[in-house]
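What follows is a short report on a single structure.
The values are calculated or read from the model by the stated rules, or taken from the named source; none is laboratory data. Because the structure is predicted, anything quoted here is derived from the model rather than measured. Here the Cβ is made from the backbone with ideal geometry for all residues, glycine too, and neighbour counts use every protein chain on show. We work out accessible area using only protein heavy atoms, side chains counted, and drop any ligands, DNA or RNA first. Shrake-Rupley method; radii C 1.70, N 1.55, O 1.52, S 1.80 Å.
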Amino acid sequence: MNENILGIIAGILTSVSMIPQLIKVIKEKNVEDISLLMLLVLISGLSLWVWYGFMKDELPIIISNSFAVLVNISLLICYIIYNKKG
């Protein structure tokens, strides 16, 4: 299998992995089971992957991780809006 195709498939799968969680949070307006620390660490790591992708000029890394950053920032925004503890 071509390594670019493999990278694109892997990127798509990992990028969409948080979409079901985001949909559930939006529908239920409940973030009690979401860890803020996990979200912050994940967004930081994904952002570093984007930076790495730019440094290596690797489009599959840039695109998939940029999408994942956006999904997880959306989840973070929902966390801020729906968090009943704060």
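Those residues that are out of contact with any Phe, Trp or Tyr (no Cβ under 7 Å at 6 or more places or on another chain) and polar (S, T, N, Q), I need them from segment 48-78; list them, please. Show your work before the answer.
Taking segment 48-78 and keeping what is out of contact with any Phe, Trp or Tyr (no Cβ under 7 Å at 6 or more places or on another chain), we get 48-60, 63-64, 66-78.
Across segment 48-78, the qualifying residues are S64, S66, N72, S74.
Does any residue in segment 12-36 that is among the hydrophobic types (A, V, I, L, M, F, W, C) come within less than 9 Å, Cβ to Cβ, of a residue that is surrounded by 14 or more Cβ atoms within 10 Å (Cβ to Cβ) and outside any helix (DSSP H, G or I) six or more places away or on a different chain, and which pairs are these?
Within 9 Å, the pairs are V25/V31; V25/I34.
Could you please tell me which pairs satisfy a Cβ distance under 9 Å, a separation of 6+ or placement on different chains, a first residue in segment 59-86 that is on the phi < 0 side of the Ramachandran plot, and a second residue that is among the basic types (K, R) and not in a helix (DSSP H, G or I)?
C78/K29; I81/K29; Y82/K29
I need the helices (runs of 4 or more DSSP H) fully contained in the chain, keeping only those with at least 2 residues that are open to solvent by 80 Å² or more (accessible area, probe 1.4 Å) and aromatic (F, W, Y).
Helices (runs of 4 or more DSSP H) meeting the threshold: 36-56.
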